[in-house]
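J.: Sending over a structure as structure tokens; questions will come in a sec.
The values are calculated or read from the model by the stated rules, or taken from the named source; none is laboratory data. All values derive from a computational prediction rather than experimental measurement. Because the Cβ atoms are built from the backbone with ideal geometry, glycine has one as well, and the counts that use them run over all protein chains shown. The accessibility values were calculated without ligands, DNA or RNA, using every heavy atom of the protein model including side chains. Shrake-Rupley method; radii C 1.70, N 1.55, O 1.52, S 1.80 Å.
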Amino acid sequence: MNPITLFLVIACALVGLALGKTVDFFLAPPFLVAAVIIALSLKMANAWQKFVVLRAGKLQGVKGPGLFLIFPIIDNVVAVIDERIQTTAFNAEQALTKDTVPVNVDAIIFWHVHDARKAALEITDYRQAIDRVAQTSLREMIGSSMLAALLSDRKAADEHLRDEIGNKTAGWGVSVTSVEIRDVAIPVALQDAMSRQAQAEREKQARVILGSAEAEIAGKFVEAAKIYADHPAALQLRAMNIIYETTKERGTTILIPTSMVDSMNPASALVLAGQGAPGEGVPSLKSVA
């Protein structure tokens with residue numbers, strides 16, 4: 001009983017008892033009868049509620065929200081429907097995917113009643129029916145999906161489930177807002193196999209990237225070799241620059257054969273470059289320390 005009806009019933013009963021004791025005993029029964037009629041006929045629905053009323057077995061109407069009256073005895077409230085968004089958790093245990101892998105899937109569905117008349121009259125228990133339909137649709141979806149797709153593309157699976165369940169519940173006055181798969185559990189042995197497979201794929205990708213890098217570096221070396229073949233002086237200068245770079249650090253000692261030093265003599269490099277001749281005031285490099 002809602003607070004307003006309860007207050008009116010108590011008020012009528014107290015007034016009747018007071019009049020019966022102080023004025024006339026026969027004044028009490030009418031007020032008591034009025035209190036009983038108010039208790040049976042005055043109803044109140046909250047903003048999210050709908051009352052489905054039958055009159056003599058036939059649909060009289062859907063009442064609410066707010067206060068409304070019904071006729072006692074001939075009117076009957078057969079259902080109070082909550083139209084707020086509801087959540088129902090459901091799962092599928094040991095369901096086989098399309099590639100025959102057993103999985104345990106947990107999901108949750110968000111739904112609400114958009115037609116209170118259908119929810120009350122078209123089905124016995126719409127809450128239980130939603131749970132059963134959700135489980136059945138989940139198993140059907142798992143059976144038609146590959147394990148890899150189920151693990152990698154959950155958004156598509158969620159949308160597929162929402163559409164499938166929504167199509168089945170629309171006739172009951174229930175709309176499905178969304179479906180979310182919370183967890184997909186696979187056997188431990190399969191987890192180890194998939195982990196090794198993923199590791200092998202990463203190693204393969206790393207080797208491919210390394211090979212591509214080696215091929216690119218080799219190509220650059222080929223281009224450099226062609227340039228040095230056409231310009232020997234450039235090779236001499238490059239060799240001298242490498243020696244200089246390696247001797248910049250203090251305390252570094254490098255031993256170089258004399259023949260190699262002679263081959264990298266600056267005078268020889270200038271001769272090869274056509275800018276001078278050996279012995280024309282250019283000192284020779286004999287050792288580097």
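J.: Please state the Cα pair-distance histogram of the range 116-165 with 5 angstrom bins from zero: what percent is in each bin?
T.: Going from the shortest bin to the longest, the percentages are 4, 19, 23, 18, 13, 9, 7, 5, 1.
J.: Taking θ as phi - 60°, what are the ³J(HN,Hα) couplings along the range 69-83 by the Karplus curve (6.51, -1.76, 1.60), each to the nearest whole Hz, with x for Gly and Pro?
T.: My calculation for the range 69-83 gives 10, 10, 8, x, 6, 7, 9, 9, 7, 8, 7, 10, 9, 8, 9 Hz in order.
J.: With r defined as the distance between the Cβ atoms of ALA206 and SER152 and R0 fixed at 22 Å, what FRET efficiency is calculated, to the nearest 0.05?
T.: Here the calculated transfer efficiency is 0.55.
J.: Measuring from label point to label point, each 7 Å out along Cα→Cβ, what is the ALA189 to LEU19 span in nm?
T.: Output for this residue pair reads 8.4 nm.
J.: Expressed as a fraction of 2.2 N^0.38 Å, the rule-of-thumb size for a compact globular protein of N residues, what is the C-alpha radius of gyration of the range 83-169?
T.: 1.17
J.: Using a Förster distance of 22 Å, how high is the FRET efficiency between LEU6 and TRP48, based on the Cβ-Cβ distance and rounded to 0.05?
T.: So the FRET efficiency works out to roughly 0.60.
J.: Of PRO232, ALA213, VAL174, which is farthest along the charge dipole of the range 139-232 in the positive direction, counting Lys and Arg as +1 and Asp and Glu as -1 at C-beta?
T.: Checked the options; the winner is VAL174.
J.: Quick one: dipole size for the range 1-121, taken about the Cα centre, charges +1 on Lys/Arg Cβ and -1 on Asp/Glu Cβ, in debye to the nearest 20.
T.: The calculated dipole for the range 1-121 is roughly 440 debye.
J.: While we're looking at this one, here's another question. Run the simple label-point estimate for ILE108 and ALA215 please: 7 Å along Cα→C-beta, distance reported in nm.
T.: 5.0 nm
J.: So what is the accessible area of the range 1-140 per residue, in Å², with the probe set to 1.4 Å?
T.: On a per-residue basis, 58 Å².
J.: How big is the range 1-71 on each of its three principal axes, counting only the C-alpha atoms and giving the largest first in Å?
T.: 44, 26, 11
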